[in-house]
Amino acid sequence: MPEWAWFKLNEDAIENFANDYKKFLCEAKTERETVKYLIKEAKRYDFKPIDELEKLSVGDKVYATFRNKLVAMAVIGKNPVTKGFRIIGSHTDTPRIDLKPAPLYENSGIAMLKTHYYGGVKKYQWVAIPLALHGTIAFKDGTVKDIVIGEDDSDPIFVIPDVAPHIGGKKQESRKGTEVIEGEELHTIAGNKPIRSEKQDEKDSVKKMVLKILEEKYGIKEEDLISADLALVPAFKPRDAGFDRSMIAAYGQDDRVCVYTSFRALIEQEKPEFTAIGLFVDREEIGSAGDTSINSMFFEYFITEIMRKSAAGTNIDVLIKAFTNSRAISADVNTVVDPLHGDLYDLSNAGFLGKGVILTKYTGRGGKYSTSEAHAEYIAWIRNILDKRNIPWQSGLMGKVDVGGGGTIAMFIAQRGIITADIGPGVLALHAPYEITSKADVYSAYLAYKAFYEEGE
Ligand code: MN
Ligand code: MN
């Protein structure tokens, strides 16, 4: 069994870091909000848009953002960029319940919103809990509006109703566990008050009332919902968990725990040996497809801009050389042993809550499909830099062989020729509306990422 992280770390430092982290989680519940937060904070630490600088030299701090959903940042190091980068990539998106493009309808006197779940959600977990609506609506005149409804205590919330046990017990009992709630049973309530009308039997009078409110309060017409990115996320606030307050319960810690800890490590870099890169990408939860994912050419654009402005040149051979000289961490969470389901883990190869950041040699599924396995030599190098600084860490895998599996962005970083390993804290109840981390593990992750940026060869 690995040692307790608590015994190696300063408790005040753990607690202070946890408090900052919880504030971040309150503010950043979607990929757009996360990107906005990161840019706002980066500016306070003298990061500048890369387009504003003609030339880059040691200690310069730059960022670039793409479609408001992805951000890349860099602190220019002492070594020429052709000697490679130190890259930490994490993801800004989290499992959630998106609205469909035409969501609003009325049934049985209740206005409802149709949804489509995003990422690996266990559908039954999302019913009968308070949900907040977050997102962006784009209008035909080119203006956009951000909305957040349900986070302020005075806001209304949304709820996906579950069927009463008196009525639905039999129907749900006969279903498989994964089908207890089905995709089209994830619609949320949106109103129940009819609009006043001259007509006796006004059709869709409740839906009309919702539309009236949307128009008056937010300037939104029904057809505007077609051009919107709107998502329902748990309306819970991050809370300490347990008598000893050792844990954090919050929505979206996969992977915002890595976003936050790696970002904190990056902004502390002044003149690192190697140029330090922080990549905060979208769409990981659905397989890293799309122009804001780790597979976006925007990554190459950002790296090429750094090389050009550092006078290293931008020929493809120079770029590939820099990639093959680089080292990366895919900063993502792993599972930890769940006391209620210990049979699913190989206990000598699993991570435990509170025992430090987890070094995951490979993820994937089946016969090691869909993963980038970290090379022995690279794991040895990482082990050494963590031990040198006495940072709590443990080795972990995702569960017993053939029990389950999962992927991260590691394989997509690696396919550029960049040596990569997965490192991140463990999460209990991963992908649930309330995910649980250990404050000591969160702090360990930050220390690990900092060490990665700061250590030399
Ligand atoms: Mn993740
Ligand atoms: Mn995930």
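The values are calculated or read from the model by the stated rules, or taken from the named source; none is laboratory data. What you are looking at is a predicted structure, and each value in this text was computed from that prediction instead of being measured. Heads up, the Cβs are rebuilt from the backbone with ideal geometry, glycines too, and the neighbour counts pull from every protein chain shown. Just so you know, the surface numbers come from the protein's heavy atoms only, side chains and all, with ligands and any DNA or RNA stripped out. Shrake-Rupley method; radii C 1.70, N 1.55, O 1.52, S 1.80 Å.
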Given the conditions (1) in contact (Cβ under 8 Å) with a residue 40 or more places away in the chain; (2) within 16 Å of ligand 1 (Cβ to nearest atom), every one holds for GLU268 apart from (2)
Is it fair to say THR34 is touching a His at 6+ places or on another chain (Cβ under 7 Å), open to solvent by less than 30 Å² (accessible area, probe 1.4 Å) and in contact (Cβ under 8 Å) with a residue 40 or more places away in the chain? no
Exercise. Does LYS43 meet the test of being among the basic types (Lys, Arg) and either within 15 Å of the chain's Cα centre (by Cα) or not in a helix (DSSP H, G or I) (or both)?
Worked result: no
Listed by first then second residue, the pairs whose first member lies in the stretch 332-354 and is charged (D, E, K, R), whose partner is open to solvent by 30 Å² or more (accessible area, probe 1.4 Å) and not in a loop (DSSP other than H, G, I, E, B), with beta carbons under 8 Å and at least 6 positions apart or on separate chains, are ASP338/LEU344; ASP338/LEU428; ASP346/LEU397
Notebook entry, point to check: Is it the case that some residue within the stretch 358-371 is more than 21 Å from the chain's Cα centre (by Cα) and surrounded by 20 or more Cβ atoms within 10 Å (Cβ to Cβ)?
Noted result: no
In the stretch 378-414, anything within 16 Å of ligand 1 (Cβ to nearest atom) and in a loop (DSSP other than H, G, I, E, B) is listed as GLY396, MET398, GLY399, GLY404, GLY407, THR408, ILE409
Residues in the stretch 52-101 that are in a strand (DSSP E or B), surrounded by 23 or more Cβ atoms within 10 Å (Cβ to Cβ) and within 16 Å of ligand 2 (Cβ to nearest atom) total 5
When you look at GLU273, is it outside any loop (DSSP other than H, G, I, E, B), open to solvent by 10 Å² or more (accessible area, probe 1.4 Å) and away from ligand 1 (no atom under 16 Å from the Cβ), yes or no?
no
Condition set in contact with a Ser or Thr (Cβ under 7 Å, 6 or more places away or on another chain) and more than 16 Å from ligand 2 (Cβ to nearest atom), scope the stretch 276-305, selection least open to solvent (accessible area, probe 1.4 Å): answer is GLY278
Note on the stretch 307-362: residues within 16 Å of ligand 2 (Cβ to nearest atom), over 30 Å from ASN79 (Cβ atoms) and either outside the structural domain of GLU54 (by TED's automatic domain parsing) or not in a loop (DSSP other than H, G, I, E, B) (or both) are ASN334, THR335
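Scan the stretch 241-255 for residues that are away from ligand 2 (no atom under 16 Å from the Cβ) and either in a loop (DSSP other than H, G, I, E, B) or acidic (Asp, Glu) (or both) and jot them down. Quick ask: steps written out before the conclusion?
Kept after step one, since they are away from ligand 2 (no atom under 16 Å from the Cβ), are these residues of the stretch 241-255: 241-249.
Once the filter is applied, which keeps residues that are away from ligand 2 (no atom under 16 Å from the Cβ) and either in a loop (DSSP other than H, G, I, E, B) or acidic (Asp, Glu) (or both), the stretch 241-255 yields GLY242, PHE243, ASP244, ARG245, SER246.
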The correct count of residues that are assigned to a loop (DSSP other than H, G, I, E, B) and charged (D, E, K, R) in the stretch 188-240 is 10
When restricted to VAL148, VAL163, the only residue assigned to a loop (DSSP other than H, G, I, E, B), open to solvent by 30 Å² or more (accessible area, probe 1.4 Å), of a type in the set (Val, Ile, Thr) and away from ligand 1 (no atom under 16 Å from the Cβ) is VAL163
Residue set ALA331, ALA322; condition modelled with pLDDT of 95 or more, over 22 Å from TYR443 (Cα atoms) and open to solvent by less than 30 Å² (accessible area, probe 1.4 Å); output residue ALA322
Residue pairs qualifying under the 7 Å Cβ cut-off, at least six apart or on distinct chains, with the first in the stretch 304-323 being hydroxyl-bearing (Ser, Thr, Tyr) and the second being assigned to a helix (DSSP H, G or I), are THR304/LEU319; SER310/VAL81; THR314/THR304; THR314/MET307; THR314/ARG308
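A quick yes/no check of all residues on (1) within 15 Å of ligand 2 (Cβ to nearest atom); (2) in contact with a Gly (Cβ under 7 Å, 6 or more places away or on another chain); (3) under 25 Å from HIS375 (Cβ atoms):
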site	(1), (2), (3)
PHE412	yes, no, yes
ASP422	yes, no, yes
PRO425	yes, no, yes
TYR434	yes, no, no
LYS439	no, no, no
SER444	no, yes, yes
Within the stretch 151-160, the count of residues that are open to solvent by 70 Å² or more (accessible area, probe 1.4 Å) and not charged (D, E, K, R) comes to 3
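Among the residues of the stretch 194-217, write down those that are within 18 Å of SER108 (Cα to Cα) and either hydrophobic (A, V, I, L, M, F, W, C) or not assigned by TED's automatic domain parsing to the domain that holds LYS145 (or both).
Listed by number, the residues that qualify are ILE195, VAL206, MET209, VAL210, LEU211.
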GLY120: passes all of (1) within 16 Å of ligand 1 (Cβ to nearest atom); (2) open to solvent by 10 Å² or more (accessible area, probe 1.4 Å); (3) not in a loop (DSSP other than H, G, I, E, B) but (3)
- Item | Some residue of the stretch 223-234 being at pLDDT 95 or above, in the same structural domain as ILE39 (by TED's automatic domain parsing) and open to solvent by 20 Å² or more (accessible area, probe 1.4 Å) | no
Checking ILE157, ILE167, ILE147, ILE137 in turn, the sole residue that is over 18 Å from SER227 (Cα atoms) and touching a residue at least 12 places away in the same chain (Cβ under 8 Å) turns out to be ILE157
It is to be established whether one or more residues within the stretch 237-254 are under 15 Å from LEU70 (Cβ atoms) and buried (at least 21 other Cβ atoms within 10 Å of the Cβ).
no
